[in-house]
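Remarks on the structure that follows.
The values are calculated or read from the model by the stated rules, or taken from the named source; none is laboratory data. Small disclaimer: the values here were computed from a predicted structure and weren't measured. Cβ coordinates were reconstructed from backbone atoms using ideal geometry, including for glycine residues, and neighbour counts include every protein chain displayed. Surface areas here come from the heavy atoms of the whole protein model, side chains and all, with no ligands, DNA or RNA. Shrake-Rupley method; radii C 1.70, N 1.55, O 1.52, S 1.80 Å.
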Amino acid sequence: MQTKHFTVLVVMLGVALAIPEKFLDNKDRRIVNGTETSILDFPFMISLRGGTGRHSCGGSILSELWILTAGHCVSSVTVAKETVQVGRTELSLNVDESVYSIEQVIRHPGYDSSNSFINDIALLKLARPLTFSDRVYPVRLPKDMFEVENDLNDLEVTLIGWGVNATGGVAPTTLQRVEYYVVPNDECQAIHSSTIHPSQICAAYPGGGKGQCGGDSGGPLLHHGVQVGIVSWSVRPCGAAPYPGVLTKVSHHLDFIREHTSILQ
């Protein structure tokens, strides 16, 4: 039986997807479990660290004080025990100027792990403000209710993170990226045989073997540099076809961000 787990969405398909033919033969995009990239290309990317300093989840910078991540990545002990590291391509256990304490955690009140992990989104308020630079800078957010799947000729998306390279695999210290495609919600729901809500977005790569795994949760899915998703859940083992990964759709949660921060006022 396939089981849900919190990782980044890899998976893809031995079934037909609504992906334009022109994308399917692009051999330059045939990467396995991601390729190394730089924080200079994604200066909004952060690492949420556990009490030992080890990476636990991804996230993205919203402003000098606010971080966006997945609801399942945080709990009541996050403020006391976890930290955020910014501006680093290579992760380390060191505590230096790149590591920030967390002052407040706000998880969406409608988060429900028993209902396909709906509203899997949270905000972290840092204890001190970030200083922006070419390595530390806010992510771009979509417009309210924006839908990638409305344009079948423009479904390419990018996922970044420090998740493991396979189920039970090794966690990289260098930031990784992978390119794949949005899967329309109705197709995603049919494949998973479980409810995919309008506030969720699915993505994968034809044939499987690319994408998210453990430690990628909370990280951003990007469409033309705009964050459209937050890694929520996928199935084990990582990359198992034909199951798309499922993410929280950012465009459906902008009111939640507005309510608790001033960045969209």
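So which of Leu124, Leu91, Leu130, Leu65 ends up being over 17 Å from Ser262 (Cβ atoms), surrounded by 13 or more Cβ atoms within 10 Å (Cβ to Cβ) and touching a residue at least 60 places away in the same chain (Cβ under 8 Å)?
Leu91
Can you tell me which of Pro242, Pro237, Pro206 is closer than 24 Å to His55 by Cα and open to solvent by 30 Å² or more (accessible area, probe 1.4 Å)?
After applying the criteria, what remains is Pro237.
Considering only residues that are touching a Ser or Thr at 6+ places or on another chain (Cβ under 7 Å) and among the hydroxyl-bearing types (Ser, Thr, Tyr), which ones fall in region 82-119?
Thr83, Thr89, Tyr100, Ser101, Ser116
Would you mind finding the one in Arg107, Arg128 that is charged (D, E, K, R) and out of contact with any Phe, Trp or Tyr (no Cβ under 7 Å at 6 or more places or on another chain)?
On inspection, the qualifying residue turns out to be Arg107.
So which residues in region 74-98 are under 20 Å from the mean Cα position of the chain (by Cα) and either aliphatic (A, V, I, L, M) or closer than 14 Å to Gly59 by Cβ (or both), if there are any at all?
Val74, Thr78, Glu82, Thr83, Val84, Gln85, Val86, Gly87, Arg88, Leu91, listed by residue number.
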